[in-house]
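Any read-out appearing in this document is the output of simple, stated calculations on the displayed coordinates, not a laboratory observation. Because the structure is predicted, anything quoted here is derived from the model rather than measured. Don't worry about glycine lacking a Cβ; one is built from the backbone with ideal geometry, like all the others, and counts go over all protein chains shown.
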Amino acid sequence: MYRSMYALMHSRRFGCDVPSAAMLRFKGGSSMDERVKAVTSERLADETKPARRNTTELAYRELRRRIIESELTPGSYLLEQELGLMLGFSRTPIREAALRLQGEGLVQIVPRHGIRIVPTSISDIKHIYQVLISLESTAAALVAGMTGADLTPLVDACKTMTDAFERGDMLAWAAADEVFHETLVTMSGNARLRGIVMNCRDQVHRVRRFTQMVKPHPQPLKSIEEHYAIIDAMRCGDAAKASDLYRAHRERGWRNQTNVLQQYGIQQA
């Protein structure tokens, strides 16, 4: 007790930090070295927390990216240690990242088996597209209803798609296509709508990347033509037409992806 009071008085007198709970826990025969080690250990733990959070965030982003890009086989099981070696992280950030991804439905942590990459079934794809089509067609109608809306970013995305197609770069074509859809949703000005769409978009992107690896996009020019038709409807302020064209465009994309999976006997991606 006296030593604790002395430490407190000493810290106040010389402007030091008030001793932590770790220091005050030591009683009786504890040496000064033991107390110093305890306090140092406690402070180091506090100092490493931001770094640990940052490492976990990096592990989460990289693991999520690999899942969305279909770089990790859907339905496969991976051990924490295996993922750690693959991604360059220790087991702790991998475990914490996996817990977060499990909450998003992208992985499943199975005791004694590891981390399972959750596949997306054809039924899941259908449900995701139903939500996506409804919200994105609403976004198209909202943009069409805006007076003097600047549609240049949408036109630019279409031009980039055309350039990529002419170069034979289908990955760049697909990226520009996603820019078109994301830009249109952002232009709607509805932040809540955009948030839901972006969550669904990741799942669609994942399936799309998988089907592209199986079979390239069958009608790239058709998609560009449909984009321009949607832009024309919005430029004319025809909300109903813009919404209908957008819905038809997305439904065709959904059918194409589903047909590819069924053609190759794939029930999940």
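Here are the numbers:
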quantity: Unit charges on C-beta of K, R, D, E only; dipole of segment 122-263, Debye; calculated: 460 debye
quantity: Extension gain, GLN130 back to THR147 (0.36 nm per residue minus Cα-Cα distance, nm); calculated: 3.3 nm
quantity: With 5 Å bins from 0: P(r) over segment 122-263, alpha-carbon pairs, percent; calculated: 2, 10, 20, 24, 22, 14, 6, 1, 0
quantity: Positive-end residue, segment 122-263 charge dipole about Cα centroid, Cβ charges, pick of THR152, MET187, MET170; calculated: MET170
quantity: Size of charge dipole - segment 185-260 - debye, nearest 20, with Cβ of Lys, Arg +1 and Asp, Glu -1, no other charges; calculated: 340 debye
quantity: In order through segment 236-246: 3J(HN,Hα) via Karplus (6.51 cos²θ - 1.76 cosθ + 1.60), integer Hz, x for Gly, Pro; calculated: 7, x, 8, 5, 5, 5, 4, 5, 5, 5, 5
quantity: Cα-Cα P(r), segment 57-117, percent of pairs per 10 Å interval; calculated: 25, 67, 8
quantity: Segment 171-220 - Debye-derived log10 I(q)/I(0), Cα point model, q = 0.18, 0.20, 0.24 Å⁻¹; calculated: -0.62, -0.73, -0.92
quantity: Sequence ranges 55-64, 82-91, ranked by mean other-Cβ count within 10 angstrom, highest first; calculated: 55-64, 82-91
quantity: Cβ charges +1 (Lys, Arg) and -1 (Asp, Glu), total dipole of segment 57-117, debye; calculated: 120 debye
